[in-house]
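Got a structure for you, questions after.
The values are calculated or read from the model by the stated rules, or taken from the named source; none is laboratory data. Here the structure is a predicted model, which is why all the values come from computation and not from measurement. When we count neighbours, we look across all protein chains shown, and the Cβ atoms used for this are built from the backbone with ideal geometry, even at glycine. Surface accessibility is based on the protein's heavy atoms, side chains included, excluding ligands, DNA and RNA. Shrake-Rupley method; radii C 1.70, N 1.55, O 1.52, S 1.80 Å.
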Amino acid sequence: MSQANIPNITPIISLTLGQTIPLLLASIALEEIALAHIMNAEAEKIQFVLGTLSTENVLVPSSITISNLLTINQSVSQTLKDVIKKEMLLQFKLESVLKLQDQNIG
């Protein structure tokens with residue numbers, strides 16, 4: 001088996017530190033939007049199972065049991081724990097970007 005032939009790609013990108021800070025902040029903002037969508041989907045999941053989600057679909061949740069509710073609750077809980085972990089990482093990223101901004105100004 002031979003080695004993969006990877007072309008030598010060296011793009012010429014020239015950004016200053018001042019130009020990278022807004023890009024980093026925008027990336028944080030986009031990740032925050034994605035997490036908001038995930039949390040909204042989890043809320044809608046619970047609303048659907050409970051029958052409180054107003055939808056135009058004729059799809060109605062099947063008979064709801066305590067076991068089903070506990071399973072959904074566990075799933076939502078795990079997803080929200082993962083969202084919290086990501087939020088913590090985004091906080092660290094934001095703090096690092098703010099330090100970079102302070103270094104760039106000072």
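With E32, E44 as the choices, which residue is under 30 Å from S96 (Cα atoms), modelled with pLDDT of 80 or more and either charged (D, E, K, R) or assigned to a helix (DSSP H, G or I) (or both)?
Result of the check over E32, E44: E32.
Next up: Condition check: at pLDDT below 95, open to solvent by 90 Å² or more (accessible area, probe 1.4 Å) and not in a helix (DSSP H, G or I). Does L59 satisfy that?
For L59, the condition - at pLDDT below 95, open to solvent by 90 Å² or more (accessible area, probe 1.4 Å) and not in a helix (DSSP H, G or I) - is met.
Looking at segment 82-99, which of its residues are within 10 Å of the chain's Cα centre (by Cα) and touching a residue at least 24 places away in the same chain (Cβ under 8 Å)?
The answer is V83, K86, E87, L90.
Residue check: is S67 surrounded by 12 or more Cβ atoms within 10 Å (Cβ to Cβ) and at pLDDT 80 or above?
No.
Could you look through segment 70-106, keep only residues that are modelled with pLDDT under 85 and surrounded by fewer than 12 Cβ atoms within 10 Å (Cβ to Cβ), and pick out the one that is nearest to I33 (Cα to Cα)?
Looking at residues that are modelled with pLDDT under 85 and surrounded by fewer than 12 Cβ atoms within 10 Å (Cβ to Cβ), I get I105.
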